[in-house]
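Structure first, commentary second.
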Amino acid sequence: MTRKTDSSAGGSGKLWGGRFTGATDPTVERFSASIHFDQALARYDIRGSIAHAKMLGQTGLIPAGDAETLVAGLQAIGAEIEAGEFPFDPALEDIHMNIEARLSEAVGSVAGRLHTGRSRNDQVATDLALYLRDACEAAQKGILDLRAILLERATEHIDTVLPGYTHLQRAQPVRLAHHWLAFFELLGRDAQRFRDAGRRLGECPLGAGAIAGSTLPLDRESTAKALGFESPTRNSMDSVSARDGALEVMSAAAICMVGLSRLAEELVIWSSSEFGFVELADAYSTGSSLMPQKKNPDVPEIVRGKSGRVVGNLVSLLTTLKGLPLSYNRDMQEDKEPLFDSVATLRDCLEVMAGSIATLRVDVERMATAAQDPMLLATDLAEALVREGVPFREAHEAVGRIVAHCVGGGHDLASLSRETLQGFHAAFTAGCDELLDAERSFAQRDLPGATARNRVEAALEAGRAEIAAVSAQLDVGSEP
Ligand code: ARG
């Protein structure tokens, strides 16, 4: 193993200053470097530094001309980063020091004024808050796109009927529109979670310094405003030690991924030969390298699989934070990889799920045939008795005996006459031909949130209004 014996301070180009006489061991340098992942924060770091430099100039903490030099230098570095031309250097540890060192190269000793009244602790917290706010907005947009597709496909399938399942056993007939609108609702709450998390990130940590603020008269209000925050954070120690904003985003991502995983699981089951309810488009499935007949639902399977790692990312950061005393601890550098991974994974999964659903072929006949099982209307039979004044438990018992009679004796429930039914309960006033009519059954489910056509139509209408309102609020389509 090679060890640096060079005893000159800052041998590796770092900015530790006069306290150090020896250089960092190369292994430690590699071990502690975060630049290979925190470069994702580059644009936020530049924005934060520009706001800070301007404020230093405005308050007279540094000469106005120097502030201008710093801002111009930072803007040039920002352009270099966007163009993919920035020479990220692992020896400079993290994104903050990479940018500051580059600024030194660009503008000379004036660069030494940028870190006035600032620590990497409030700097990284500010970068993260800016990143998280963007991530919340991007997640809301991704969810919105998937919800819009679900709504479109639901509208198309208002009259497609399939069995609804509980315990993966056929329960009662539902409209496919109603089924997909269930996911529309779930995803709506996911979007709200991201909106709420974003709102809680409205305070700017910049100016909190390393832990206790600064002796210098920094204008925290002005940097907060310049960066789009509502106000500065209210406690300097909380500012540099809190990572619950990241936890919230990761937890919203994990919850959303678990929902996507359930939707994915249904696509996997429904596309099996046993169900045959749907077929994924060629663009969203793959073949087998061995078995020529196979068409595999890899895309939903991978979504289902990825939900595990997004859950794991959340647990990872929760565990990292759990034993930490106030305030900043270097352990917290471990927040970034799981966070970035959760944000990127969710973005990709939302996109491929939207594509899978948009291009899915639905076998309306297969669904209808499965939904024709008269047993799915057994509850309706019990409710017919309730309408005649029979207590529900008594009705349930009678219909249970009817079902047992059919299953045991090989009789078809749908063809039982009024007389046969009356043999089980005297209150029956009609036969199954009349009582077990699927159309009538749907029409009777006329309650808020139920499956009658008019109720589902109203839900689709409300869904369209919601999509329009959320699109306007998120300003979808107005971006460069
Ligand atoms: N790379 C560090 C992180 O991500 C930045 C803050 C470093 N602060 C410090 N005192 N070493 O947490």
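Listed values, structure above:
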quantity	calculated
Index of the failed condition, P26 passing every other in (1) within 13 Å of the ligand (Cβ to nearest atom); (2) over 30 Å from R347 (Cα atoms); (3) not charged (D, E, K, R)	(1)
Any hit, the stretch 144-151, residues being at pLDDT 95 or above and either within 16 Å of the ligand (Cβ to nearest atom) or more than 26 Å from M353 (Cα to Cα) (or both)	no
T319 vs. criteria more than 16 Å from the ligand (Cβ to nearest atom), β-branched (V, I, T), more than 30 Å from R170 (Cβ to Cβ) and open to solvent by 50 Å² or more (accessible area, probe 1.4 Å)	yes
Scope the stretch 409-457; condition polar (S, T, N, Q) and touching a residue at least 60 places away in the same chain (Cβ under 8 Å); matching residues	S441, Q444, T451
Single residue of V407, V470 found to be within 28 Å of L146 (Cα to Cα) and part of a helix (DSSP H, G or I)	V470
Sole exception among (1) touching a residue at least 40 places away in the same chain (Cβ under 8 Å); (2) open to solvent by 30 Å² or more (accessible area, probe 1.4 Å) for L460, by number	(2)
Counted residues, the stretch 322-344 - those being in contact (Cβ under 8 Å) with a residue 40 or more places away in the chain and under 23 Å from F194 (Cβ atoms)	9
Matching residues, the stretch 81-98, being open to solvent by 60 Å² or more (accessible area, probe 1.4 Å) and within 14 Å of the ligand (Cβ to nearest atom)	F88, P90
Among (1) at pLDDT below 95; (2) open to solvent by 60 Å² or more (accessible area, probe 1.4 Å); (3) in a helix (DSSP H, G or I) - the single one E29 does not satisfy	(2)
The stretch 99-118, residues that are surrounded by fewer than 20 Cβ atoms within 10 Å (Cβ to Cβ), closer than 14 Å to S214 by Cβ and within 16 Å of the ligand (Cβ to nearest atom)	H115
Any hit, the stretch 101-110, residues being part of a helix (DSSP H, G or I) and under 20 Å from T345 (Cα atoms)	no
Residues within the stretch 405-421 that are closer than 11 Å to M375 by Cα and open to solvent by 10 Å² or more (accessible area, probe 1.4 Å), tallied	3
From A139, A177, A171, A191, residue being of a type in the set (G, A, S), more than 30 Å from W16 (Cβ to Cβ) and part of a strand (DSSP E or B)	A171
Single residue of V299, V268 found to be more than 16 Å from the ligand (Cβ to nearest atom), in contact with a helix residue (DSSP H, G or I) (Cβ under 6 Å, 6 or more places away or on another chain) and free of Cβ contacts under 8 Å to residues at least 40 places away in the same chain	V268
Answer from F428, F424, F442 - the residue that is open to solvent by less than 80 Å² (accessible area, probe 1.4 Å) and in contact with a Pro (Cβ under 8 Å, 6 or more places away or on another chain)	F442
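Condition check ((1) away from the ligand (no atom under 14 Å from the Cβ); (2) under 17 Å from L132 (Cβ atoms); (3) in a loop (DSSP other than H, G, I, E, B); (4) open to solvent by 40 Å² or more (accessible area, probe 1.4 Å)) across all residues:
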{"residue": "H36", "(1), (2), (3), (4)": "no, no, no, yes"}
{"residue": "A40", "(1), (2), (3), (4)": "no, yes, no, yes"}
{"residue": "R43", "(1), (2), (3), (4)": "yes, yes, no, yes"}
{"residue": "R47", "(1), (2), (3), (4)": "yes, yes, no, yes"}
{"residue": "I50", "(1), (2), (3), (4)": "yes, no, no, no"}
{"residue": "L56", "(1), (2), (3), (4)": "yes, no, no, no"}
{"residue": "E68", "(1), (2), (3), (4)": "yes, no, no, yes"}
{"residue": "V71", "(1), (2), (3), (4)": "yes, no, no, no"}
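The values are calculated or read from the model by the stated rules, or taken from the named source; none is laboratory data. In this text, all values refer to a predicted model and were calculated from it rather than measured experimentally. Because the Cβ atoms are built from the backbone with ideal geometry, glycine has one as well, and the counts that use them run over all protein chains shown. All accessible areas refer to the heavy atoms of the entire protein, side chains included, with ligands and DNA or RNA removed. Shrake-Rupley method; radii C 1.70, N 1.55, O 1.52, S 1.80 Å.
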